[in-house]
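Below: the structure, in structure tokens.
Each reported figure results from applying straightforward, stated rules to the coordinates on display, with no laboratory input. What you are looking at is a predicted structure, and each value in this text was computed from that prediction instead of being measured. Backbone-built Cβ (ideal geometry, glycine too); neighbour counts: all protein chains shown.
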Amino acid sequence: MPNKMALLKRFFDCFCDANRSYGVAPPLRRLSERICKMDNTYEIAGFKLAGRTAVIEIENYNAEKNNCGKLTFKAFALERANYTEFGNIACFTGKEIEKFSGQADYNAADGVFAINLEGAEDGTCYRVEMYENGEKVTAFIIDSGKLYLSSETAGYIAGQLTEEEIASLTVGTTVGTTGDKAVWGDSGETVPIKRFNVPALSVNDGPQGIRLAQNTVWYPSDSLLASTWDTDIIENIGRQIGEDAYDLGVDVVLGCGMNLQRVTLCGRNFEYFSEDPLLTGLAAAAYTKGVQSTGAGVSLKHYAVNNQETARSLVSSEVTERAMRELYLKGFQLAVADADPMTVMSSYNKFNGTYTSVSKPLLSVLREDFGFNGLIMSDWDSGGDSSDKIAAGNDLTMPGHEDEYEEVLQSLRSGKLTRAEAEQAAENILKVICRSNGYKDIYNGKRRAAGKIDKEAQRKEALEAAKAGMVLLKNDNNALPLEKNAAVELMGDACKNTIYGGDGSGVVYCEKQISVYEGIISKGFREADSETSADCGIIVIGRTSTEGEDHANKGGDFRLSDEELALINNAAERYRSAGKKLAVILNTGNPIEVKSWLDRADAVLWSGYAGEMTGAAVAEILSGDKNPEGRLAITWPESIELTGWSADFPGSAASTKYGDDIYVGYRFYETFGVEASFAFGHGLSYTTFRFGNFRATADNDGAVTLSVTVKNTGKTSGREVAEFYVSKPENSGFKQPALELCGFRKTRLLAPGETETVEVTVKNEYIFTYNEATREYTVPAGNYKFSVGRSASDIVLSESAELAGGVLFKAYESLPAPAKKFELLNPEKGFDRAAALRKSAAIGCDTYCSADEGGKYPSANAVDGEKNTRWSGVGSADKRWLVVDLGKPVSLSEIEIVWESNNAYKFTVYYSADNEVTGGTPGTSELPENISWTELRTVEFELADTDFVGFDGISARFIKIEVPSKAGWCSIYQLKVYEQAAGAADN
Ligand code: BGC
């Protein structure tokens, strides 16, 4: 071949010389890329633009030089369409100028092609497509010197960026844009690249409205939107938020929240839709379609398994691959497939040991398995090197700092980050910029004038959604609705201090809000002048939530405070004895404990965080002007102990196990037969409905059609939700939850006596099982039971269908496994309710310790009943120890130690039944005198987390946990001490 190559080179040089008027085409980005298609391998080895002629050199790598396909080319002029100079940007559309005019029948060895570009009018650059036997194999850009950003040129421009430009594009705004922000006060921006007229991309929170200093409407939270079970309503709210974004110049809304509400106490549950992935995915698709219909983009967040706030920036969520694919990633999968979101945000936490933003296998799922083609950005200041993020597929580091810019730049220079990886990230960012409103405004030469929003109209939409999402949890003897103009006694802090949404990045600054108090009064109800003149009592219980903090299983938080309980008890007594009703409104972002007081309320309404119109929506429901139609998107447990996750929560700062595996939310309750206070899907109406004629029909394409008639059998118009569940075949070779949501549909407003037939298509993507061994998303063949119900625990009708099944697709690669094996919930073993409900005898007892970081992590934290507070044994050179004094000798069954260690590798348990001791200062290292210790057992381990040590009826008053002096620091989150059940010692 040398002769031939020499020839080619001469040929090129000659064009090069001739190439004066149009300038030399810079090296082609994909110049050295081999094109393998249909068993043939070529390389575009050379490329020039000479006058209006493009010259392409092809090198043929096939053994049989004359056995390759027929190559043809098409050239397009990238003309500046509707070109207006505005902000110094122009965009291009491709116009085909000529079919290949050279060797159309090329079928030989290496060769040179000349393409005549004469047809171009004002094209300053060109796109050339190469076809083999009529099938497109590649496309490339010919740059004639003046290049502007467009979706056509994004990939090429990425190839032209300097290392500095790539670093500044892939690291957000704090670099180089001081004084130059496109939108002041937004959460972040990308850095513009002047040389190619690339504008900034402005991104801003999300998801309950746009969080800027300006006043915008505060819409219902994601958790309330999901409770509408109405994708039209969700899409409409998305549209309003998109309009606001556009009005404010924000290109991407940082939302919606996609994490499953796995942990009842998660502080950000209000920003998330549901504990169920199908409801999450379909709600997110609707939200995304709504926002993106305005040209604004969304950022589905946080990818992935960011299901708690405790230690969110450090903790590794340890999850099985099956639970990941079937539950935690599925919402993203459905939303990507259905709504093409512009961006996804990776999360703060680690997944099985690696920060999600630097986990290539995890991020690859989005692109390779789900077909996501937008940009992935990091959460704000998340862990991991920026260059590692890029290498893993996390294109953009937000909000971006100088040191991160330097890190990317140096990594590019040293080769730690490859040019190809960096260009890919840059291309992903540029392509999203091309989709953005900011870019399109420039393209159109004008911006829609800001401040054109009709806020009153938006408030009405917010109100409609708020009303549709609130859930009537209880309504004995039709306590609600109230009589018109009833006199009401309004109680509870949140009545006037209503909570409209959560705090943190999700907060929204609105102009005015309507409290429950204002809503009720302006609806015409009278505030009773004395408690005896009231027709009804209304208590509003509120809970705030904030990003960065989880709720706690204590009074005033998950449980009622003593004052709240007293308020309810007292009011219940008064109203009951007067033959009147008491209604409780729960203005919370999360479920709270209700079992212990529920019998005292005649009606309970969950108002959720319904945005600025909360009070107006509550009033419409209380008055009956709105018949409640919301359904719970999360289970309300009887107690925190009776959940699938509580044994693992919150884990340590290092890791949190997902021992509930595929049994999240109602999948746990229904599979393990554990009762909840309110089931997933529960919600009452002022009317009644009857389901009939339920049919499940397997379609030819593998999908299943479900249909049911819904009849309003009551006296009021209302809307019902048909919730469809599937029970997968037991002999499928997989353990399966008892049932799973596989579709839903809300009826239109049905008048009394009216019937509607609702129908849903259950796609394979809704009901797949993930096979870890074969990496297949599959629908195992067999008999599937489909049901329609009023909640996950109230199934009304069922029908079976035989499914032929099949493989949907094979995963690109396996996900990493948890660092170490741990026990998963297993239906064969069941759930030990009694063990879960055991109370620790150590709660609130006196404690002593060797050291506690100068009082920062006191020993009392180890027995406060909270697993997210800890005693830290760091700071002592000697042995670390913690002692608890139970007050008197107690016959014990075992102790449970929830703890974390650095280099500690074992601990020893001592006990003492001494009761005649004196002195000691609790909280310090000064123990009572003369305790005689007996050594019980030494436990060795690799990584501390939860250990049980049996006492088998031994009587002890003092218990000591001691860690050897050589060890590093250790922390005990909770030391639980369980008494021997009465009589157990004798058996
Ligand atoms: C939150 C994100 C948010 C971002 C920007 C982070 O702390 O986790 O949800 O979008 O800040 O405000």
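Give the relative contact order (percent, whole number) for the chain; include only Cα pairs under 8 Å separated by 6+ residues. Intermediate values should be presented prior to the final figure.
Details: 2572 pairs, mean separation 89.9, N = 987.
Rounded, it is 9 percent for the chain.
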So if the hydrodynamic radius of the chain is defined as the Kirkwood radius over C-alpha pairs, what does Stokes-Einstein give as its diffusion coefficient at 20 °C and 1.002 mPa s, in µm² per second? 68
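Taking R0 as 25 Å, what's the FRET efficiency between N373 and T774 from their Cβ-Cβ distance, rounded to 0.05? Write out the running numbers ahead of the final one.
On the way: r = 26 Å, r/R0 = 1.06.
After rounding, the FRET efficiency stands at 0.40.
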How high is the relative contact order of the stretch 814-914, given as a whole-number percent (alpha carbon pairs under 8 Å, six or more residues apart)? 23
State the Cα centre-to-centre distance between the stretch 316-346 and the stretch 804-843 in whole Å. 18
Show the residues, 5+ positions off or on another chain, whose built amide H is closer than 5 Å to the amide H of C742. F724, Y725, V726
First measure r as the distance between the Cβ atoms of D381 and S533, then evaluate 1/(1 + (r/R0)^6) with R0 = 56 Å and state the FRET efficiency to the nearest 0.05. 0.50
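Place the peptides 498-504, 249-255 in order of packing, highest mean first, counting for every residue the other Cβ atoms within 10 Å and averaging per peptide.
On the way: 498-504: 23.1, 249-255: 29.3.
Per-residue mean Cβ counts within 10 Å order the peptides as 249-255, 498-504.
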What lysines sit close enough to K746 to cross-link, taking a C-alpha to C-alpha distance under 20 Å and skipping anything fewer than 8 places away on the same chain? K289, K467, K626, K711, K715, K763
Amide H of N133 versus every other amide H placed in the peptide plane: which residues, excluding those fewer than 5 positions away on the same chain, fall under 5 Å? K70, L71, T72
Scalar couplings 3J(HN,Hα) for the stretch 547-564 by Karplus 6.51 cos²θ - 1.76 cosθ + 1.60 (θ = phi - 60°), nearest whole Hz, x for Gly and Pro, are 4, x, 9, 8, 6, 10, 7, 8, x, x, 10, 5, 9, 6, 6, 4, 5, 5
Percentage of interatomic Cα-Cα distances in the stretch 774-863 larger than 17 Å: 79
Environment charge of A494, counting only residues whose C-beta is closer than 12 Å and scoring Lys/Arg +1, Asp/Glu -1: 0
Between the stretch 683-760 and the stretch 568-603, what is the separation of their alpha carbon centroids in Å? 31
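Can you show me the helix-derived [θ] at 222 nm for the chain, built from DSSP H runs with n ≥ 4 at -39,500 (n - 2.57) apiece and divided by the number of residues, rounded to the nearest 500. Walk me through the numbers before you get to the answer.
Working: 19 runs with 195 residues, N = 987.
For the chain, the value works out to -6000 deg cm²/dmol.
Compute the signed sum of charges (Lys and Arg +1, Asp and Glu -1) over the other residues within less than 11 Å, Cβ to Cβ, of S223. Intermediate results must be reported in sequence, preceding the final value.
Values: positive: R268; negative: D222, E271, E275.
Taking every other residue near S223 into account, the sum is -2.
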Where a Cα-Cα gap under 23 Å defines reach, which lysines qualify for K867, not counting those fewer than 8 residues away within the same chain? K350, K554, K595, K657, K820, K821, K839, K856, K906, K960, K976
Label points 7 Å out from Cα along the Cβ direction at D947 and D403: separation in nm? 3.6
If R0 = 56 Å, then S798 and E926, at their Cβ-Cβ distance, give a FRET efficiency to the nearest 0.05 of 0.30
Name the long-range amide H neighbours of S655: under 5 Å, sequence gap of 5 or more, or other chain; modelled H, no Pro or chain starts. S316
Could you state the per residue volume, in Å³, of the convex hull enclosing the Cα atoms of the stretch 589-708? 211
Can you give me the P(r) profile for the stretch 185-337? Cα pairs, bins 5 angstrom wide beginning at 0, each as a whole percent. 2, 10, 19, 21, 18, 14, 9, 4, 2, 0, 0
Report the relative contact order of the stretch 580-645, percent, no decimals, based on alpha-carbon pairs under 8 angstrom and at least 6 residues apart. 36
If each residue's Cβ is checked for other Cβ atoms within 10 Å, how do D476, D648 rank with the fewest at the top? D476, D648
Largest first, please: the extent of the C-alpha atoms of the stretch 498-572 along each principal axis, to the nearest Å. 44, 34, 11
Once the dipole of the stretch 245-337 is set up with Lys and Arg at +1 and Asp and Glu at -1 on Cβ about the Cα centre, which of V250, F270, A284 lies farthest towards its positive end? A284
Taking the dipole about the Cα centre of the chain, with the C-beta of Lys and Arg at +1 and of Asp and Glu at -1, give me whichever of I442, G209, W645 is farthest to the positive side. I442
Output ³J(HN,Hα) for the stretch 821-830: one whole-Hz value per residue in order, computed from phi by the Karplus curve 6.51 cos²θ - 1.76 cosθ + 1.60 with θ = phi - 60°, and x for Gly and Pro. 5, 9, 6, 9, 4, 9, x, 5, 7, x
Over the residues of the stretch 506-652, compute the C-alpha Rg and express it relative to 2.2 N^0.38 Å. 1.14
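Could you work out the local net charge near P729, counting Lys and Arg as +1, Asp and Glu as -1, over the other residues with Cβ closer than 15 Å to its Cβ? Please report the intermediate quantities before stating the final value.
Values: positive: K728, K735, K785; negative: E730, E740, E799, E802.
Charge balance in the 15 Å sphere: -1.
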Step through the residues of the stretch 575-583 one at a time and calculate ³J(HN,Hα) from phi using the Karplus curve (6.51 cos²θ - 1.76 cosθ + 1.60, θ = phi - 60°), rounding each to whole Hz and writing x for Gly and Pro. 6, 4, 5, 8, x, 10, 9, 10, 10
Checking the cross-link filter: which lysines have an alpha carbon closer than 29 Å to that of K194, excluding same-chain neighbours under 8 positions apart? K48, K95, K146, K181, K389, K416, K431, K440, K446
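If we sort 909-919, 234-244, 838-848, 679-689 on the protection proxy, mean other Cβ atoms within 10 Å, highest first, what's the order?
Values: 909-919: 14.8, 234-244: 25.9, 838-848: 18.2, 679-689: 21.8.
Descending mean neighbour count gives 234-244, 679-689, 838-848, 909-919.
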Debye calculation, C-alpha points only, no solvent: report log10 I(q)/I(0) for the stretch 254-402 at q = 0.12, 0.15 Å⁻¹, in the same order as the q values. -0.42, -0.67
